[in-house]
Amino acid sequence: MGTSLERGIQGFIEQVDRPTASFFESCVRCGMCAHACLFYTETGDPKYTPIYKLEPLRRVWEREYTLFGRIKKWLGLSKPVTEAELKEWEPLVYDSCTLCGRCSLMCPVGNDIVYMVRRAREGMVAAGVAPDGLKQAATRAVKIGSPMGVQLPALKTQIAKAEKETGLAIPFDKEGAEYLMVLSSAEIIEFSEIIPAAARIFHAAGVSWTFSSDAFEATNSGIQIGSSDIATELVSRIVRAAERLKVKYVISPECGHAYTALRWEGPNLIGRPYPFKVIHIVELLDELRAAGRLKTEGMEDEKLTFHDPCQLVRRGGVVEPPRNVLKMVASNFVEMEDPGTLNWCCGGGGGVSSNERADELRLKVFSRKKTQLDQLGVRTLVTACSNCRDMLEDGLEHHRMDIKVVGLTEMVAEHLKQ
Amino acid sequence: MSLRDIAVRVEASPASRIGGIRPILHEIRTLLAALIDTGRGGSIDLRSLPLSPADFEALDAALGEGEVRATIRALGETRVTETAIHGVWRVTHCNDGGEAVADLIEVCDAPEILKTHAADARVGLAKLRTRLEPG
Amino acid sequence: MHEPETLGDVLAKRGVSRRGFLKYCATLASLMALPPSVAAQMADKLTRATRQSVIYLSFQECTGCLESLSRTHSPTLEGLLFDLISLDYQETLLAAAGHAAEEARANAMRANSGKFVLMVDGAIPLKDGGVYSTIAGRTNIEILKEAVPHAAAVIAVGTCSSFGGLPHANPNPTGAVSVGTLMEKGLIERKPLINVSGCPPIPVVISGVVAHFLTLGTLPELDGYGRPKVFFGDTIHDRCYRRPFYDQGKFAKTFDDEGARNGWCLYELGCKGPTTYNACATAKWNGGVSFPIESGHGCLGCSEPDFWDAGSFYAPLPAPRAPLSAAAGAAIAVGVAAGAAVGLAGLYKRKKAQQAHTKLTVDDLETEKKP
Amino acid sequence: MTGVELLNWARGPGLQIALVVFIVGVAIRFIEMWLLGKSPDFAEARGSAAAGGWRTLFTRSLPMPGALKRAPLVFLGGYVFHIGFFITFLFYAPHILFLRAVTGFSWPALPAYLIDVIGLVSIAALVAVLVHRLTDPVRRFLSRTGDYVAWAATFLPLLTGYFAYHRLVTDYTTMLALHVLSFELLLVLIPLTKLMHTFTFAVSRWYNGAIAGRKGVKV
């Protein structure tokens, strides 16, 4: 049936709930959210003020759900949202918002602005107004199985390589395993070191785990483009596989939005609680550490810092585990300015890095991360999100900075006690 | 009988002190200095100031009682007293019920009201002439 | 008809010495907030002036104003008002009655046409042709229409003639209005008008206005309500000896508490001093003995328009004039009902949108064709 | 209309009308928002939503670290006028008498001279906030007519109150009437403008904290 403006407006109407209404009611247009958003701080352009990105949704809410808005609509004093306006807002909703949620921390009246951006995207995508890059990624994810077009044979090749490298057997489709491991496509293609790293760590710690041939892709383009329908389809694959294999846990890999999709949105998308738990790999590492099952030797002595992935800390609540784990293997770990829940986004989250149109902008606003890194003068940057890692590498290269980006799991694996 | 004859007296409670007399004393000082320098003093209308009974008592205590005390009987009593500060007079006009209707501080050699007016003197002269006429 | 007598002559005949008159002028100066030094000049001018002819008309009133003016026994300071003026007609005080009294008024008006001051006491009813107050079969408005054109100036004595007062109070059954309103409506000729409001007005304010007229030959400067500024320039609150307690936040909470005994501010007990312009706090009453606040009762605001309709005398100034609970209760009911209606309509709308929702698939997502 | 007539109207019918519009308007806006509800969250909670909600309800009064430096005027101006407005509104003796007459509750007042100073400081803060709104790119970009209306509705009671207290501009009675009327204008405009945040801020802060609290994030 295709997309249409009408479908988009209906999408907005479906999305308005009490929190959304209270946020719109409370906004005093103080503009503080601008100062929390790197797209404003790094460009100085007021149109990037987070709350402004929600104008179409706000207008639909006002016209459809408030008495005064309905009276204004009835008297012809307010205009309906047009397709042209949605197109005008498309770059604001998709290109200049990484769903990082920093604005939600700043707002004095307590508006969770990113909660609304996520909802606004539902209407935008239903109206067909979304970046081509994201549409294509979503299409590939649904039709091929991965937004980057990675298929099972590719994973099997990487697994075989890892088995050879580590000399360990990597379990596949093993029913009754405790943990189901899923990956982001970037981890299959670019950052495949994670596979042998995980294998070594889990072997050493005696973790019972498996991959599934039905569900190995953790990323969720549906969440990024803002379509619950597509997101449900993608998350259901993992849920079905986990239920079939009867695992107790699904391990969310080093990927920020995959964690949000799997851990926080998934049960609501399928409309019921999971019969298993979702745990981020860094959380698992920290649990193993606390249980004394993770033993390391040697330390990275070089000064290094940790980049907090937004979806992991601010929107996910995983703040301490990466630090606990990192301190096991790094003697000179320093915090960036504004660490933890206050972190600044790399600039590539929320689908921005899948959207070619936003390339220039995301590299421009990387200046925030550059400033933070310049203050520290580190040579190594650790993170726990392959999307961040991708973006960080792009940004560092663009700004000609000589800093190496490392995945946390990988670093831990290198220091595993033999 | 007037209100003053009633034995009940309103006592000025210390709690009703407003504390506005210092500025008045400063103004009196200025006026007295002017009287010495220029021969012209001045008056202060106490009723135009918001003073509580306690303030009036405090003011009287601060100025003290001096050498002159005069009573004028014209349309009720008027009490004229020099305070312990020479040249500073209290003039209190009362109606014939004995109630104060105007309360002034005059800084001068002698308050105007004590002096005999030429018109009244002429009336007096006429009276005296009548009395000296043989009859 | 008599030769114009100077005020000095009248005083001398009554055995009032210059000292006495000086004293009177000192009292007036004090009341009019003039510097004490002008008393002597005033005394000089007044002794040479002739007495002012006054015609005094009483309409819808209680005679309280006249009581106030004539309260004290002559010869007293206040009584000197009657020496300043030649009261050529005042129904209540007049020895004559009936036709003789009416004739006296006509004579006085003829004799002093264009020169007399017309004092009006009481409001004038207009409803039903003004039948609610008549004298000798003539309505107040008729009498006033006849008298005003011959007057040099009109003094509205008391709140009723100044602002309508008690007769004008809600629901105003007689359609009572003030002299000023009649002039504004063009029902009587416009003449210089001075409102000496108060229920009753302070007598010396009247003598002050007359003395001003006689010494300076002009009417005093008036405020926005046509009241002489010298007496109505400040609020009771501004000149109140209890004002410092207001500033310190010391208030009597009941009429017999510690605060009341200590003479603290009566604001919380309903004193209308802050919005009432009058000279009570300085001129005082009963020959300067006291005024309401000094006697422990708040100001009623009697010299202000609509004072009778301004809510309870004992409700503090900031309190609403009427209880709000009924209106608030109704508003809550209406608000909740309307809010629920809009809210449920919103829920229905969202449900309909959700029901009409068709699953979005990637096939729906057309990417733009690059040229 | 004279000052006293205006005051009598303001203290009588004016107040009734303003109060009715205020209550009806606030009830409608609050209930229409409330009834929209929130769907249940099936994701396993890591922390307590309620604890997070309550926490954020209060802690959000403090600026996010670093925010003071980025937008000092918005924060300081905002603090000063909010606190100043509520102190003058709640702790000036005549206001307490009004509130006592309306609600039946009363509490001790602050000295008038202190209220005077606080009022003046609040007026200055509001002026600064307006100037900032007119000159700062972000604030100017976001502002709509309603923002200026709401500003004026907040400013006028403070200004007329200050004028009345100091007997400025016109006679006290008229200024007092204007003060009461400006307060009534404020009451009427609360449900018609963003001033509604007076009530809804608690809901939005609560949800912000609850959404995060459920995930074990302190915001």
Fill in: Selected residue [farther than 20 Å from A:V235 by Cα and not assigned by TED's automatic domain parsing to the domain that holds A:A384] from A:A186, A:A204
A:A204
Worksheet item: When you go through (1) charged (D, E, K, R); (2) away from chain B (no Cβ under 11 Å); (3) under 25 Å from D:N8 (Cα atoms) one by one for C:R239, which number turns out not to apply?
Response: (2)
Worksheet, complete the sentence: Going through (1) at pLDDT 90 or above; (2) loosely packed, with under 15 Cβ neighbours inside 10 Å; (3) within 14 Å of chain C (Cβ to nearest Cβ) one by one, D:P111 fails only at (1)
Worksheet entry | In the stretch D:101-115, residue farthest from A:R29 (Cα to Cα) [restricted to those that are part of a helix (DSSP H, G or I) and touching a Phe, Trp or Tyr at 6+ places or on another chain (Cβ under 9 Å)] | D:A112
Worksheet entry | Criterion violated by B:F56 - all others in (1) at pLDDT below 90; (2) in a strand (DSSP E or B) satisfied | (2)
Response to the item:
How many residues of the stretch B:78-88 are crowded, with 20+ Cβ neighbours inside 10 Å and either on the phi > 0 side of the Ramachandran plot or outside any strand (DSSP E or B) (or both)? The answer is 1
Discussion item. Being assigned to a helix (DSSP H, G or I), within 14 Å of chain D (Cβ to nearest Cβ) and without any contact (Cβ under 8 Å) to a residue 40 or more places away in the chain is the filter here; which residues of the stretch A:261-291 pass it?
Written reply: A:G266, A:P267, A:N268, A:I270, A:E283, A:D286, A:E287
Worksheet item: When the stretch A:292-328 is examined, which residues are found to be hydrophobic (A, V, I, L, M, F, W, C) and either crowded, with 21+ Cβ neighbours inside 10 Å or within 14 Å of chain D (Cβ to nearest Cβ) (or both)?
Response: A:L294, A:L304, A:F306, A:C310, A:L312, A:V313, A:V318, A:V319, A:V325, A:L326
Worksheet entry | Output for the stretch A:120-152, where each listed residue is surrounded by fewer than 22 Cβ atoms within 10 Å (Cβ to Cβ) and either assigned to a loop (DSSP other than H, G, I, E, B) or among the basic types (K, R) (or both) | A:R140, A:K143, A:I144, A:G145, A:M148, A:G149, A:Q151
Worksheet entry | Identity of the residue in the stretch C:339-371, surrounded by fewer than 18 Cβ atoms within 10 Å (Cβ to Cβ) and facing chain D (nearest Cβ under 7 Å), that ends up farthest from the chain's Cα centre (by Cα) | C:L347
Practice prompt. Return the pairs, sorted by first residue and then second, in which the second residue is part of a strand (DSSP E or B), the first residue lies in the stretch C:233-255 and is crowded, with 18+ Cβ neighbours inside 10 Å, the beta carbons are less than 6 Å apart, and the residues are 6+ apart or on different chains.
Written response: C:T235/C:Y277; C:R242/C:C265; C:F245/C:C265; C:Y246/C:C265; C:F251/C:C265
Response to the item:
Of the conditions (1) under 20 Å from B:K115 (Cβ atoms); (2) under 14 Å from the mean Cα position of the chain (by Cα), the single one that B:F56 does not satisfy is (1)
Response to the item:
Counting only helices (runs of 4 or more DSSP H) wholly inside the stretch D:124-219, the ones holding at least 2 residues that are buried (at least 18 other Cβ atoms within 10 Å of the Cβ) and among the charged types (D, E, K, R) are D:197-214
Worksheet item: Give me the pairs: first residue in the stretch C:46-58 and within 14 Å of another protein chain (Cβ to nearest Cβ), second residue among the aromatic types (F, W, Y), beta-carbon distance under 9 Å, and six or more apart or on different chains, which are they?
Response: C:L46/C:F21; C:L46/C:Y24; C:T47/C:F21
Worksheet item: Quick check, is A:M336 closer than 19 Å to A:A205 by Cα and in contact with a strand residue (DSSP E or B) (Cβ under 7 Å, 6 or more places away or on another chain)?
Response: no
Practice prompt. Identify all residues within the stretch C:208-264 that are closer than 29 Å to C:G8 by Cβ, among the hydrophobic types (A, V, I, L, M, F, W, C) and outside any helix (DSSP H, G or I); write none if there are none.
Written response: C:L219
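Results for (1) closer than 21 Å to C:V38 by Cβ; (2) of a type in the set (S, T, N, Q); (3) facing another protein chain (nearest Cβ under 9 Å); (4) not in a helix (DSSP H, G or I), shown as yes or no for each residue.
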{"position": "B:R90", "(1), (2), (3), (4)": "yes, no, no, yes"}
{"position": "B:V101", "(1), (2), (3), (4)": "yes, no, yes, yes"}
{"position": "B:L104", "(1), (2), (3), (4)": "yes, no, yes, yes"}
{"position": "B:A121", "(1), (2), (3), (4)": "no, no, no, no"}
{"position": "B:R131", "(1), (2), (3), (4)": "no, no, no, no"}
{"position": "B:P134", "(1), (2), (3), (4)": "no, no, no, yes"}
Item to complete: Only residues that are of a type in the set (V, I, T) and touching a Leu at 6+ places or on another chain (Cβ under 7 Å): list them for the stretch D:146-179, please.
Response: D:V149, D:T154, D:T160, D:T173, D:T174
Worksheet item: Residues in the stretch A:82-98: is at least one within 11 Å of chain D (Cβ to nearest Cβ), at pLDDT 95 or above, out of contact with any strand residue (DSSP E or B) (no Cβ under 9 Å at 6 or more places or on another chain) and surrounded by fewer than 24 Cβ atoms within 10 Å (Cβ to Cβ)?
Response: no
Practice prompt. State yes or no: is A:G350 of a type outside the set (A, V, I, L, M), surrounded by 23 or more Cβ atoms within 10 Å (Cβ to Cβ) and either more than 30 Å from D:A210 (Cβ to Cβ) or in contact with a helix residue (DSSP H, G or I) (Cβ under 9 Å, 6 or more places away or on another chain) (or both)?
Written response: yes
Worksheet item: Residue check: is C:A111 closer than 23 Å to C:I85 by Cβ, in contact with a Lys or Arg (Cβ under 9 Å, 6 or more places away or on another chain) and touching a residue at least 40 places away in the same chain (Cβ under 8 Å)?
Response: no
Response to the item:
Being more than 8 Å from chain A (Cβ to nearest Cβ) and aromatic (F, W, Y) narrows D:Y207, D:Y165 down to just D:Y165
Discussion item. Kindly evaluate B:L75 against the criterion of being at positive phi, modelled with pLDDT under 90 and either more than 7 Å from every other protein chain (Cβ to nearest Cβ) or surrounded by 13 or more Cβ atoms within 10 Å (Cβ to Cβ) (or both).
Written reply: yes
Worksheet item: Could you give every pair whose Cβ atoms fall below 6 Å, whose first residue belongs to the stretch C:279-301 and is within 20 Å of B:L104 (Cβ to Cβ), and whose second residue is surrounded by fewer than 22 Cβ atoms within 10 Å (Cβ to Cβ) and of a type in the set (D, E), counting only separations of at least 6 or pairs across chains?
Response: C:G287/B:E99; C:G288/B:E99; C:V289/B:E99
Discussion item. For the structure I just gave you, tell me whether B:G66 is in contact with an Asp or Glu (Cβ under 6 Å, 6 or more places away or on another chain) and more than 10 Å from chain C (Cβ to nearest Cβ).
Written reply: yes
Discussion item. I'm told C:S303 meets every condition in (1) part of a helix (DSSP H, G or I); (2) more than 9 Å from every other protein chain (Cβ to nearest Cβ) except one. Can you identify the failing condition by its number?
Written reply: (1)
Worksheet item: Hey, among the residues in the stretch C:270-300 that are closer than 21 Å to D:Y165 by Cβ and among the aliphatic types (A, V, I, L, M), which one's nearest to the other protein chains (Cβ to nearest Cβ)?
Response: C:A281
Worksheet entry | Any chance A:T341 is away from chain D (no Cβ under 14 Å), more than 14 Å from A:A384 (Cβ to Cβ), surrounded by fewer than 24 Cβ atoms within 10 Å (Cβ to Cβ) and hydroxyl-bearing (S, T, Y) | no
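The values are calculated or read from the model by the stated rules, or taken from the named source; none is laboratory data. Note that the structure is a prediction, hence the values are computed from the model and not measured. Glycine also receives a Cβ, built like all others from the backbone with ideal geometry; neighbour counts cover every protein chain displayed.
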